[in-house]
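Here the structure comes first, spelled out in structure tokens, and everything after it is commentary.
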Amino acid sequence: MPEFNLEQFIITADRIRRKAIEEGRLTDNPSIQVLRQLVAKQPGVRQTIYGNFIAESEPTSRSAMFTKNSVDNRFGQEEQELLSQCETALDKERLISIDRIVGNKSSNITVRLIVRSALPMLLMVGGTSLYLPRERLKSQPIKYCFSLMKPSRQIRPNHYQRKT
């Protein structure tokens, strides 16, 4: 198999986003107030006395045994299949997309986060390390992040026990 082109991740994310725009399924760069309203409506999410949101979850997606990178691993057919699965999984989903500057306010690094509309809490993560762009992004390079996590139907407190 020919060498895997890492640009395929960006091309796929662009295609998913463009199709969602064309079909009216994308909420593009909602305000912080709108994001907070969306998060507050999620089942199992509570607001603290400090105005933050909390929800118990099981972070299995961060497990090292499921993580690969293009430096230590050769990408190929498996990643191509993953990208096809991404397009299929997100083909009819309502999506939310936000652009943010990473690092400090004058940084040239911009990320575009795309998630299912059922997971708006993922867009609230980042705190002070993610800044709103000063103006609408036109030519600045964008790095993509998108989530394929399935929203759980119900957040169940203590539904798993830490193994000791």
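Taken together, the values in this text are just the output of simple stated rules run on the coordinates, not laboratory data. Treat the numbers as computed from the prediction; the structure is a model and nothing was measured. Cβ coordinates were reconstructed from backbone atoms using ideal geometry, including for glycine residues, and neighbour counts include every protein chain displayed.
Observations, loosely collected:
- Fewest-first sequence of T48, T12 by Cβ atoms within 10 Å of each Cβ: T48, T12
- Taking a straight Cα-Cα cut-off under 14 Å and skipping sequence neighbours fewer than 8 places away in the same chain, the aspartates and glutamates within cross-link reach of K105 are E135.
- Net charge contributed by nearby residues that have their C-beta within less than 15 Å of E22 (K/R +1, D/E -1): +1
- When each of I11, I49, I114, I98 is scored by the number of other beta-carbon atoms lying within 10 Å, the sequence from fewest to most is I49, I11, I114, I98.
- Length gained when the stretch E93-I49 is fully extended (0.36 nm per residue, less Cα-Cα span): 12.5 nm
- K41 paired with Q80, simple spin-label distance in nm, labels 7 Å along Cα-to-beta-carbon: 4.0
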